[in-house]
C-alpha cells in the first residue's frame, strides 16, 4: 500500500500567516489602528493633542491596504480621520 499523499503548500503560504479576520490587523494595519486610537483617546484623558498622529495613521492605513490588509487599513484610516477631526476641533477651539 502506497503512503498517503499530502497536498503541497506553495512557498510563502501556510499556517504562519494566520487565518481569519485577525490576520487583517497585523503590521501596518495594526500601526494605523493604534495611532488612530491614540489620537482619539489621548485628548479626552490627558488633555493633549498630537496633531501629526492622524496623518501618520492615514499613511500606514494606505500602506496596509496596498499590501492586502484591506479591512485593517480601512479601520485604521477611519479611526485616524476621526482623530484628525478631534485634532482640528482642538486647534480651532483653543
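The values are calculated or read from the model by the stated rules, or taken from the named source; none is laboratory data. As the structure is a computational prediction, the values presented were derived from the model and not from experiment. Cβ coordinates were reconstructed from backbone atoms using ideal geometry, including for glycine residues, and neighbour counts include every protein chain displayed.
Scan the stretch 12-21 and give yes if some residue there is surrounded by fewer than 16 Cβ atoms within 10 Å (Cβ to Cβ), at pLDDT 85 or above and out of contact with any helix residue (DSSP H, G or I) (no Cβ under 8 Å at 6 or more places or on another chain), otherwise no.
no
Looking only at the stretch 45-85, filter to residues that are assigned to a loop (DSSP other than H, G, I, E, B) and more than 13 Å from the chain's Cα centre (by Cα); which one of those is surrounded by the most Cβ atoms within 10 Å (Cβ to Cβ)?
49
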